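Below: the structure, in structure tokens.
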């Protein structure tokens with residue numbers, strides 16, 4: 001094996017990345033993903049629960065997937081190995097720029113310029129959602145950090161989470177979402193559905209129209225995922241909507257707990273990373289918390305079986 005092939009060999013370790021160590025970069029990269037996600041939102045046809053807007057984990061980073069545009073498609077990919085943003089059209093044209101320390105305002109301008117270079121005209125709601133304050137992208141000169149190794153480590157966390165969440169998803173025969181990265185809260189998520197409608201969501205999420213939450217939570221769910229918060233190195237989470245009586249008291253694996261503040265179960269990433277069987281622990285957590293939602297919520301028998 002030559003040096004190039006050896007250096008490209010897959011790394012299956014669960015990387016260490018404390019949330020404190022990359023706080024400024026995390027805040028900046030969050031805004032980067034919101035800008036790119038909003039470009040996808042501008043063109044993708046509406047799918048139930050906003051499934052048309054997330055990003056997806058790839059072998060090099062995060063991508064919009066194919067986005068329809070005037071009888072054609074384009075995509076945008078964060079290459080988190082080479083640290084560049086690629087905007088590509090299906091006619092072979094590509095516009096690329098480096099991911100490096102820069103204000104959100106500069107990244108926003110470069111994305112629009114790259115799209116224009118490929119003939120894509122776009123107008124987005126140019127301020128972030130689900131954060132407070134919501135500084136318009138063009139005016140955000142404060143968030144400007146980009147720690148490349150930290151961003152790569154985060155992506156490798158997402159790879160590990162995506163693998164296990166995909167196994168969990170495969171065990172359900174009912175309606176279930178893809179495993180996808182929601183840029184609003186910066187989390188990787190998968191959601192199972194009971195098949196029944198849910199009470200209307202009250203909304204109230206910072207700088208997010210209530211109609212977004214009403215559509216997202218229109219049906220009864222058990223949702224789980226990974227988020228770069230909730231623990232020293234991030235956390236796996238699981239919640240139910242609506243939350244059934246007794247949900248918080250359900251027995252979960254050692255190391256996991258119910259957060260009254262967040263209204264969901266958490267399994268800190270650092271607990272998973274230190275485990276002798278990280279995949280097994282995460283799956284045990286996911287199955288236990290889904291079982292709580294299904295059992296206490298009295299889901300119909302035909303909703304799907306784990």
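Using the alpha-carbon atoms, what tilt in degrees (0 to 90, nearest 10) does helix 148-170 show relative to the longest principal axis of the chain? Helix 148-170 and the main axis of the chain meet at about 40 degrees. A viscosity of 0.890 mPa s and a temperature of 25 °C, combined with the Kirkwood radius over Cα pairs in Stokes-Einstein, give a translational diffusion coefficient for region 164-229 of 191 µm²/s. Full extension of the chain segment joining residue 287 with residue 116 gains 57.0 nm, where the gain is 0.36 nm per residue of separation less the Cα-Cα distance.
All Cα-Cα distances of region 148-303, cut into 10 Å bins from zero to the largest, leave 10, 41, 37, 11, 1 percent in each bin in turn. When every Cα-Cα distance of region 18-139 is counted in 10 angstrom steps from zero, the calculated P(r) takes the values 12, 46, 35, 7, 0 percent. Rounded to the nearest 500, the helix-only mean residue ellipticity at 222 nm of the chain stands at -10000 deg cm²/dmol, with each DSSP H run of n ≥ 4 adding -39,500 (n - 2.57). Normalising the Debye intensity of region 101-141 to I(0), with uniform scatterers on Cα atoms only, and taking log10 at q = 0.22, 0.31 Å⁻¹ returns -0.74, -1.06. Note on residue 52 and residue 18: the extension gain reaches 9.2 nm, defined as 0.36 nm multiplied by sequence separation minus the Cα-Cα distance. With the simple model of a label 7 Å out from the Cα in the direction of the Cβ, residue 73 to residue 207 spans 3.2 nm. Relative to the dominant Cα principal axis of the chain, helix 23-43 is inclined by about 80°. Fully extending the segment from residue 142 to residue 93, taken as 0.36 nm per residue of separation minus the present Cα-Cα distance, adds 14.4 nm. Relative to the longest principal axis of the Cα atoms of the chain, helix 104-117 runs at roughly 70 degrees.
Here, each number is a calculation from the coordinates, and none is a lab measurement. Being a predicted model, the structure only gives us computed values, none of them experimental. Don't worry about glycine lacking a Cβ; one is built from the backbone with ideal geometry, like all the others, and counts go over all protein chains shown.
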